[in-house]
Structure formats: C-alpha cells, structure tokens
C-alpha cells in the first residue's frame, strides 16, 4: 500500500533531443492520465502503441504506453510510462497537459526512488546504489553498484545484524533468568560469538573502504618548484597532453585537472603552479590555489629534479605537515642525477621516474593504488559511501565497549545495551532506522525522474 495520495510526473530521459523520450508517472491517478492522454485503459505490463493526445483531443505524438499495476512496479505504486519521440518540445507539451489533470504534480529530485524505498521495494543502500550506478565512472564501479543494487551490501549488513540479535537474545535471556546462574565470563558461547562478530565487522569495514575508494577514488595533487616536471608527469599519468610543457619557469599558473582510473579506482590528478616566492600577482594567485588543493589532497606528489641536490630541502621547507607527501625524483634518465646525494628523510616515500621516457610511471600508479589500500578485487566489490563506514565504525565501537564491559566488569546489562546501540547504527545503513534529514539529503542528490 502506497504511503502517498498524490501522483507525480517527470521526464525520465535526459533533457534535450534524442531518439526516444520517456515520461514517467507514479501514483493512484495513472489510469486517469491514461484515459485523458491515450483515451483508453491499459492492461498491466502490456506495451501499447498509441497516439498521445492533449486535453483538447489533438494528437501531440505517438509511441508506446506501458502500465504497471501496484504493487508490482518500481515504486510499489501504479506507474505509467509514455515512450515517445525524443524532442524536448514534444515532451514538455505532454507533461504540461498532464499537469493540468487534478492531483498530478512534478516530481522532486529522486522522488520515484524515495517512494520505492518508503514502499519497501528497496532499502536505503539499494536506493543509493541506483544513483551510484548512473554516476559510475568505470566498468568496475558500475559492476559494484549493480552488486549493491541487487542487495549484496544489504545482505552483508543484515547478516551482521542477525549475529548481534542472536547474541542479544542470549544475553538478555540470561539477565532475565538469573536463577540459571549462567557465568558470562566462562560461557564459551558468548565469547566465541563476540569474537565471530568482531571478525565480521573487520571484514565489513575492509570491504566498505574498498567500496568508497571505488566510488570516490583519491585526490592526488602534483606540487613542486617551477620547471621540476610537474606538468610532464601529469601528462604521463593521464596518457595525454593535458598540460602545457615548456622550458619556461612558471608556465602553469592555474589548476589543471585530469581523471584516470587504476584498476577501476578513480584517480583525480591536479597539477598546480610551481611553489616559489614571486612578485608576479597572477602567479601568486596560482600558488594560493595550489595550497588550497594541497590541503584537501589524499596524497601530494612533490616533484624534485634529481639532478639538483639543493632541490630537496628547498622544496620540503614549504611543507610543515609531511604526512601526505611522497617525493617523486624526476629526470632519472639523466646521467647526472644525484639520487644518492639528495639526503632524503627516511620517513618519506620516494619514487624515481622519468617524465621524458615514462620510466617509473607504472610503479607510481601501483604505489598510489596500494597507498590507499585499494585491492581491485572485483569478486567482492560493493559500492559504498562515507556515511556507511561512519555507521559501521560507530557500531563496532559500541560492540567493543560491550565486550570490555563483560570481560572487565562482568556486566551483562552493559553488554546488552551496547549490542542494542550497535544494531541501531547498522540499521541506519539500510534505512530500517533513519531520520527525515538523512533521507532528504540522500534523495535530493538524485536527478529528477529517478
């Protein structure tokens, strides 16, 4: 049974011209729309070739009409799809006429998917996976989003919830019936189950981190002094001439961005203006932009000319925080490179490359992939978001709190309470427990018509 009384409409295909244009309507007044626009009732799941009329009985277009009877539809409500010619004028005209029918309104972004969630056709991770499938930037990301859409991520969450519920029932029963004199600390069943749940959490956290990397990737900023080879390395990583390369210092004055994939993981590479003290106002603006990108980067590749011994300390002096730094020793093809004399701090990773010949670029790509912990294991991939990992971490924290309460205080009541809280955080992921603000944030990011 639908939780909505109104009927919504939107164009399901992208705006603009195309071979086919699709209009989607969902709600209890779909048959009313069919009677007005195609002048006949429709059988469920039967494609009908028909004219599309305006409210004055003039033919606007012709195409296919398909009706899906509730609850056997995407949203769980009656759905009507009109598939006509993909001219934007035609599609707008049809929508304008349908909106004149009482109780029909334009859909909000993501409202079709939101109704599917609220009508229990999909859970929240599946709803998010629809958006991630549409926005996938690689084959691997698309496959992983489809895995999540088909319920693989939800299955992992629900299996973990099932383990927690099993333990909660056991612990709470022991608390309610103290005459049984169950010794929590010496009960191997409780300890074994807790350890099993901890292991399940660790596996789930690892897979979720992979899913986030597959969706969001990593932001890599290329930095260094002018003429160190930053733009050349960007071009080698991207496989094309994205940035201008000259022998003139300060050629790059603005941000240059490229997007590539390493085994499916998106890599957002940003070339920046050379770091130096300058009186040039335009170059100063470029350097300010460079520092903003550096601050938000996952990894900073500090490019050094390996033929210049003084470059290392000069370049490092710009960075107070060196945690995200990796030193890229460029020009490894030159005979006069002085790698052994560079006095590089041992705690900073270094990679030798040649932007001229391409030597070391593949090693750099492997390093970037490994540094983020990305495995590229397509068999177990799901797509995930930071909110999922945050909830899993919170749930795990409360599980550990409960485990410690039992081990150190023999406090079964505290264990039961922490298990309850842990379960509630996991239920937030699939939407069994969720706030209106969270739902608004998720579905408002969808396109209209989805």
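Summary table
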quantity	calculated
Residue match in segment 55-66 (condition: at pLDDT below 95 and either surrounded by 14 or more Cβ atoms within 10 Å (Cβ to Cβ) or under 33 Å from the mean Cα position of the chain (by Cα) (or both))	no
Filter result for residue 145 (touching a helix residue (DSSP H, G or I) at 6+ places or on another chain (Cβ under 8 Å), part of a helix (DSSP H, G or I), more than 30 Å from residue 24 (Cβ to Cβ) and touching a residue at least 24 places away in the same chain (Cβ under 8 Å))	no
Residue within segment 88-97 that is under 32 Å from the mean Cα position of the chain (by Cα) and within 30 Å of residue 217 (Cα to Cα) present	no
Search result, residues across segment 261-295 that are surrounded by 19 or more Cβ atoms within 10 Å (Cβ to Cβ), touching a strand residue (DSSP E or B) at 6+ places or on another chain (Cβ under 8 Å) and farther than 24 Å from residue 312 by Cβ	265, 266, 267
Test result for residue 130, in contact with a strand residue (DSSP E or B) (Cβ under 6 Å, 6 or more places away or on another chain) and closer than 25 Å to residue 15 by Cβ	no
Any chance residue 9 is over 18 Å from residue 119 (Cβ atoms) and assigned to a strand (DSSP E or B)	no
Residue match in segment 78-87 (condition: closer than 21 Å to residue 5 by Cβ, out of contact with any strand residue (DSSP E or B) (no Cβ under 6 Å at 6 or more places or on another chain) and either free of Cβ contacts under 8 Å to residues at least 60 places away in the same chain or surrounded by 17 or more Cβ atoms within 10 Å (Cβ to Cβ) (or both))	yes
Contacts under 6 angstrom Cβ, first residue in segment 419-447 being modelled with pLDDT of 75 or more, partner part of a loop (DSSP other than H, G, I, E, B) and crowded, with 18+ Cβ neighbours inside 10 Å, 6 or more apart	430/123; 431/123; 443/110
Candidate set: segment 356-365, residues that are within 32 Å of the chain's Cα centre (by Cα) and either in contact (Cβ under 8 Å) with a residue 40 or more places away in the chain or crowded, with 18+ Cβ neighbours inside 10 Å (or both); chosen: the one farthest from residue 324 (Cα to Cα)	358
Subset of segment 327-380 [farther than 20 Å from residue 306 by Cβ, at pLDDT 85 or above and in contact with a strand residue (DSSP E or B) (Cβ under 6 Å, 6 or more places away or on another chain)]	369
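Matching residues to (1) surrounded by fewer than 20 Cβ atoms within 10 Å (Cβ to Cβ); (2) modelled with pLDDT of 90 or more; (3) touching a strand residue (DSSP E or B) at 6+ places or on another chain (Cβ under 6 Å); (4) not assigned by the TED database to the domain that holds residue 112:
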position	(1), (2), (3), (4)
18	yes, yes, yes, no
23	no, yes, yes, no
26	no, yes, yes, no
33	no, yes, yes, no
36	yes, yes, no, no
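The values are calculated or read from the model by the stated rules, or taken from the named source; none is laboratory data. Note that the structure is predicted; figures quoted are calculated from it, not measured. Please note: Cβ atoms are built from the backbone with ideal geometry, for glycine as well, and neighbour counts cover all protein chains shown.
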